[in-house]
Every structure is written in structure tokens, then in C-alpha cells.
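> Here it is, the structure, as C-alpha cells.
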Amino acid sequence: MSTSKIIGIAILFLVWLWLVWSLLSLGGVNLKNILISVMAGIIIFVPLYKKYGKNAGNK
């Protein structure tokens, strides 16, 4: 995986982490907000892992 892809994923992760932190701090830590955070992480990062993570070793 190239350096630009790693930097892009890291920036995306930091933005997601900031949004999750603000959701949990403003909305409170409850089951609904935790599930929203986990589902958003799955929606964002699982396709990226399938595209770059699994296939990076095969090339």
C-alpha cells in the first residue's frame, strides 16, 4: 500500500474518531450512540479493508 493511501486512511480514521468523540460527549454514552458509532465504523472501514488490506499481500 502506498504512502498516500496510508495517510488518507489515517486522516479518515482521525475524522471518524473526532466525530465519535463529539457524539459521545454531547449525546452521552448510551447504547444507541455506541451502536451508531460502531455501525459507522463498520460502514467506513470494512470496505477499505477489503479493498486495501486483504489484497495488499497478494500483489
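> Hey, Lys59 hits all of (1) more than 14 Å from the chain's Cα centre (by Cα); (2) at pLDDT below 95; (3) part of a helix (DSSP H, G or I) but one; which does it fall short on?
(3)
> Let me ask something additional. Being of a type outside the set (Val, Ile, Thr) and surrounded by 10 or more Cβ atoms within 10 Å (Cβ to Cβ) narrows it down to one of Gly8, Gly28, so name that one. Explain how you work it out, then say what you get.
Values: Gly28 fails: surrounded by 10 or more Cβ atoms within 10 Å (Cβ to Cβ).
Checking each option against the conditions leaves just Gly8.
> Name the residue that is farthest from the chain's Cα centre (by Cα), counting only residues in the stretch 11-25 that are closer than 17 Å to Met1 by Cβ and either among the hydroxyl-bearing types (Ser, Thr, Tyr) or surrounded by 13 or more Cβ atoms within 10 Å (Cβ to Cβ) (or both). Working first, answer last.
First, the residues of the stretch 11-25 that are closer than 17 Å to Met1 by Cβ: 11-13.
Now narrow it down to the ones that are either among the hydroxyl-bearing types (Ser, Thr, Tyr) or surrounded by 13 or more Cβ atoms within 10 Å (Cβ to Cβ) (or both): 12-13.
Numbers: Leu12: 7, Phe13: 5 Å.
Within the stretch 11-25, the match that is farthest from the chain's Cα centre (by Cα) is Leu12.
> Please determine, by comparing only the residues of the stretch 1-56 that are of a type in the set (A, V, I, L, M, F, W, C) and assigned to a loop (DSSP other than H, G, I, E, B), which one is modelled with the lowest pLDDT. So that I can check it myself, show each step before the final result.
Going through the stretch 1-56, the residues of a type in the set (A, V, I, L, M, F, W, C) turn out to be 1, 6-7, 9-21, 23-24, 26, 29, 31, 34-36, 38-40, 42-46, 48, 56.
Narrowing the set further to residues that are assigned to a loop (DSSP other than H, G, I, E, B) leaves 1, 29.
Working: Met1: 75, Val29: 94.
Top of the filtered list is Met1.
The values are calculated or read from the model by the stated rules, or taken from the named source; none is laboratory data. Keep in mind that what you see is a predicted model, and the values were worked out from it rather than measured. All Cβ positions, glycine included, derive from the backbone under ideal geometry; neighbour counts span all protein chains shown.
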